[in-house]
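The values are calculated or read from the model by the stated rules, or taken from the named source; none is laboratory data. Note that the coordinates shown come from a computational prediction; the quantities given were computed from them, not determined experimentally. Note: ideal-geometry Cβ built from the backbone for every residue, glycine included; neighbour counts use all protein chains shown.
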Amino acid sequence: TIKVKPLQLLQDVSTRWDLVYFMINRLRELQPAVDHFLTLPNHSDLAKFRITLQEWKVMEDFEMILSVLHRVQQIMSEEGMPILSGTIPAFKMFMTKWEQLSDKHPHLKPFIQPGLDWAYEYYKHMDRTTAYIVAMCE
């Protein structure tokens with residue numbers, strides 16, 4: 001018997017930015033129960049959906065990548081009213097953390113780099129705006 005604490009189902013909500021992070025986190029939390037359920041004889045028709053050890057590892061990797069964005073989103077949500085001067089350091093933090101993650105775990109680089117490339121390009125444009133200059137003066 002596998003014991004897990006009762007958990008609510010997570011609803012897929014397009015406005016919840018870090019929902020994929022939470023869904024992966026929840027699935028990994030329930031890994032023993034999911035694995036057990038899919039090995040039961042009366043669920044043999046579902047055995048083909050069993051998640052391999054390699055697939056669990058990939059989910060762990062994606063959870064690690066998404067945890068950075070989740071943390072930045074949490075920081076931004078802690079403020080009653082997020083302001084531009086707080087947004088820019090949070091944006092820099094996300095880029096720095098992803099760079100560090102990519103260096104520490106080179107196998108994640110192919111998944112992180114496209115996001116970083118986008119962020120660098122966006123940051124270059126932001127760097128040239130009046131709003132950025134004003135925000136940095138606050």
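The residue that is farthest from PRO110 (Cα to Cα), among those in the range 30-62 that are touching a residue at least 24 places away in the same chain (Cβ under 8 Å) and charged (D, E, K, R), is GLU60.
Within the range 2-26, residues that are over 20 Å from ARG71 (Cα atoms) and touching a residue at least 24 places away in the same chain (Cβ under 8 Å) sit with their Cβ atoms under 9 Å from residues that are in a loop (DSSP other than H, G, I, E, B) and aliphatic (A, V, I, L, M), at 6+ positions apart or across chains, in these pairs: VAL4/LEU30.
Sub-7 Å Cβ pairs linking a first residue in the range 108-135 that is within 30 Å of LYS57 (Cα to Cα) and surrounded by 10 or more Cβ atoms within 10 Å (Cβ to Cβ) to a second residue that is at pLDDT 95 or above and of a type in the set (D, E, K, R), at least 6 apart or interchain, are LEU108/ASP61; LEU116/GLU99, ordered by first then second residue.
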